[in-house]
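Just so it is clear, none of the values below were taken in a lab; they were calculated from the coordinates. The structure displayed is predicted, hence computed values, not measured ones. Backbone-built Cβ (ideal geometry, glycine too); neighbour counts: all protein chains shown.
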């Protein structure tokens with residue numbers, strides 16, 4: 001459970017040392033550290049999704065909304081990491097564009113939920 005945090009601290013130390021000696025390689029070291037930390041996060045979610053899927057399977061609830069929520073959460077995480085990396089490289093405009101693209105992706109993915117809510121509302125009104 002502490003491995004991701006130790007990895008992050010070691011990564012930061014390596015990045016600071018590399019930035020002082022060879023700044024052009026610092027971005028690669030940063031991306032490698034972020035990739036390893038992302039793998040830690042993804043490996044932890046597999047057990048959680050199995051547990052929640054088994055819960056939904058027993059209850060008979062449709063899992064499509066849960067799967068959609070996981071995808072949206074993944075988009076949020078990837079968008080945040082990418083945006084922060086762009087900001088670290090002093091590319092603020094690119095970071096803002098990445099955030100905008102992430103928001104549009106989430107909006108597009110959530111349209112089926114909005115449609116379902118509208119259908120339920122119309123059904124209640126009738």
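Against the main long axis of the alpha-carbon atoms of the chain, helix 64-88 sits at an angle near 20°. Note on semi-axes √(5λ) of the Cα gyration tensor in Å: of the candidates (1) 38, 21, 7; (2) 37, 14, 10; (3) 18, 17, 14, the value calculated from this structure sits at (1). Taken along the Cα-to-beta-carbon direction at a fixed 7 Å, the label points for residue 22 and residue 63 span 4.6 nm. Quick note on the stretch 1-58: its Rg to Rh ratio, both from C-alpha atoms and Rh being the Kirkwood radius, is 1.26. The mean sequence distance of close C-alpha pairs (under 8 Å, at least 6 residues apart), as a share of the length of the chain, puts its relative contact order at 16 percent. Look at 5, 66 and count the other Cβ atoms within 10 Å of each Cβ; fewest to most, that gives 5, 66.
At full extension, residue 5 and residue 97 could sit 30.2 nm farther apart than now, given 0.36 nm per residue minus the alpha carbon distance. Please give the FRET efficiency for residue 88 paired with residue 122, using the beta carbon to beta carbon distance and R0 = 35 Å, rounded to the nearest 0.05. The calculated FRET efficiency here is 0.15.
The average projected area of the stretch 62-126, computed from the convex hull of its Cα atoms over all directions, is 5.0 nm².
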